[in-house]
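Below is one structure, written out as structure tokens, with a few remarks after it.
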Amino acid sequence: MTPLHEVLINKNTKISPIWIMRQAGRYLPEFREIRKLNPDFIKLCLNANLSTEITLQPLKRFDLDAAIIFSDILMLPYGINQKVEFKKNFGPLLGDLNLKVFSKIDEKGFTQNIKEVYEAIKLVSNNQLTKNKSTIGFVGAPWTLLVYMINKKSPKLKLKDDFFTNDLLINETLKVLEKFLKIHIKNQINNGADTIQIFDSWAGLVNKKDLPKYIYDPTSKLVEYVKSLKVPVICFPRNIKDYKNYCDIVKPDAICIDYEVDPLQIRKEVQIPVQGGLDPKILLTDKETLKKEASKYLDIFKDHPYIFNLGHGVLPETDPNMIDYLVKTVKNY
């Protein structure tokens, strides 16, 4: 059993496996080399050999306990034929959301559209470098994907004023998302993903009264589905204010926490394994600060099943030597 599964399934408190969100990516010079030659982000995600190489880059450098596939949550809207492109220094731009287009696509067409993602997972899970390590597949949560698909860009500043006006569009899109997210999860697992993480990056935008409709209900269905395939599932509802309630209702195998939340409160309130928490900006400081902050999380969760991770993705300006130091700090704890 991999160290990650020891914690997720056996609730082992003697170890703290470590992997890092966005560990395959922009802070690594070898990734930047590939990116320079491949400016089209979607095409890069759909190049099985290159996305495999990128996924394995951090495992060549650091003693991490898992590979997370180099891909993007927006491969799902792309797979159901919504236009998706990534604009430099801006982020994702999506085309119009058209339910007629979605109704024309079936499981076979969807799988064909993004088959290279699954091919990469297969290559990664069969690689020597992932021996005794987990291979993590992932999806965006229904709410977060809905936000991108209707808003057509990142809601960093705010949601479009008329976001909630078309109830029919929202309800039908959520149905489409449930169907294809399940297919996307199944395809990843069938190709070697032994763990699934559900990213709900924009969970913090939902009002308390709307949590059941947009967060709890749709995510619960996915969590149940992943569990039915006998694979553990980690949920990351970023900036959700009530983690305890989320865990009680959605019932993931582990909860990933962001850096805005008090880890002491989480330890008191949450029974299931916990992942993450460390502010990625700590990696931009010095080794002494990094060791102190990392040890804080390790101390707090020393008697609780815990997977070390950050409270969000590693920042592009991070020095790889700091990642190396962090991994060694966790391993030597």
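The values are calculated or read from the model by the stated rules, or taken from the named source; none is laboratory data. Here the structure is a predicted model, which means the values were calculated and not measured. Because the Cβ atoms are built from the backbone with ideal geometry, glycine has one as well, and the counts that use them run over all protein chains shown.
Exactly one condition in (1) surrounded by fewer than 21 Cβ atoms within 10 Å (Cβ to Cβ); (2) farther than 16 Å from residue 7 by Cα is not met by residue 310; state its number.
Of the numbered conditions (1) surrounded by fewer than 21 Cβ atoms within 10 Å (Cβ to Cβ); (2) farther than 16 Å from residue 7 by Cα, the odd one out for residue 310 is (1).
Just for helices (runs of 4 or more DSSP H) wholly inside region 248-333: which have at least 1 residues that are under 30 Å from residue 211 (Cβ atoms) and touching an Asp or Glu at 6+ places or on another chain (Cβ under 9 Å)?
263-269
Only residues that are of a type in the set (Val, Ile, Thr) and either touching a strand residue (DSSP E or B) at 6+ places or on another chain (Cβ under 8 Å) or surrounded by 24 or more Cβ atoms within 10 Å (Cβ to Cβ) (or both): list them for region 266-283, please.
266, 270, 272, 274
Show the residue pairs meeting these rules: Cβ distance below 8 Å; 6+ apart or different chains; first residue within region 10-38 and farther than 21 Å from residue 309 by Cα; second residue among the polar types (S, T, N, Q).
Note: pairs meeting the criteria are 30/57; 38/47.
For region 294-319, which positions are among the charged types (D, E, K, R) and either modelled with pLDDT under 95 or more than 23 Å from the chain's Cα centre (by Cα) (or both)? Quick ask: steps written out before the conclusion?
Initial filter on region 294-319 (among the charged types (D, E, K, R)): 296, 299, 302-303, 317, 319.
296, 299, 302, 303, listed by residue number.
Counting only residues that are among the β-branched types (Val, Ile, Thr) and touching a strand residue (DSSP E or B) at 6+ places or on another chain (Cβ under 7 Å), which one in region 311-333 is farthest from residue 280 (Cα to Cα)?
330
Name the pairs whose Cβ atoms lie under 6 Å apart, with the first residue in region 103-127 and at pLDDT 95 or above, the second in a loop (DSSP other than H, G, I, E, B) and among the hydroxyl-bearing types (Ser, Thr, Tyr), and 6 or more positions between them or separate chains?
Sorted first by the residue in region 103-127, then by its partner, the pairs are 117/71.
Return the residues of region 226-279 that are in contact (Cβ under 8 Å) with a residue 24 or more places away in the chain and hydroxyl-bearing (Ser, Thr, Tyr); say none if nothing qualifies.
The answer is 243, 246, 259.
Can you pull out every residue in region 31-75 that is surrounded by fewer than 23 Cβ atoms within 10 Å (Cβ to Cβ), among the acidic types (Asp, Glu) and out of contact with any Cys (no Cβ under 9 Å at 6 or more places or on another chain)?
Residues satisfying the conditions are 33, 40, 53, 63.
Assuming residue 43 fulfils every condition listed in (1) out of contact with any Leu (no Cβ under 6 Å at 6 or more places or on another chain); (2) modelled with pLDDT under 95; (3) within 25 Å of residue 183 (Cβ to Cβ) apart from one, which condition is it?
(2)
Of all residues being touching a Cys at 6+ places or on another chain (Cβ under 9 Å) and part of a helix (DSSP H, G or I) in region 88-119, which is farthest from residue 136 (Cα to Cα)? Just the residue, please.
In this case the residue turns out to be 116.
What are the residue pairs meeting all of these: first residue in region 70-96, first residue on the phi > 0 side of the Ramachandran plot, second residue modelled with pLDDT under 95 and small (Gly, Ala, Ser), Cβ atoms under 9 Å, and 6 or more apart or on different chains?
Once the first residue is on the phi > 0 side of the Ramachandran plot and sits in region 70-96, its partners that are modelled with pLDDT under 95 and small (Gly, Ala, Ser) give 91/154.
What about residue 306, is it out of contact with any Lys or Arg (no Cβ under 8 Å at 6 or more places or on another chain), in contact (Cβ under 8 Å) with a residue 24 or more places away in the chain and hydroxyl-bearing (Ser, Thr, Tyr)?
In short, yes.
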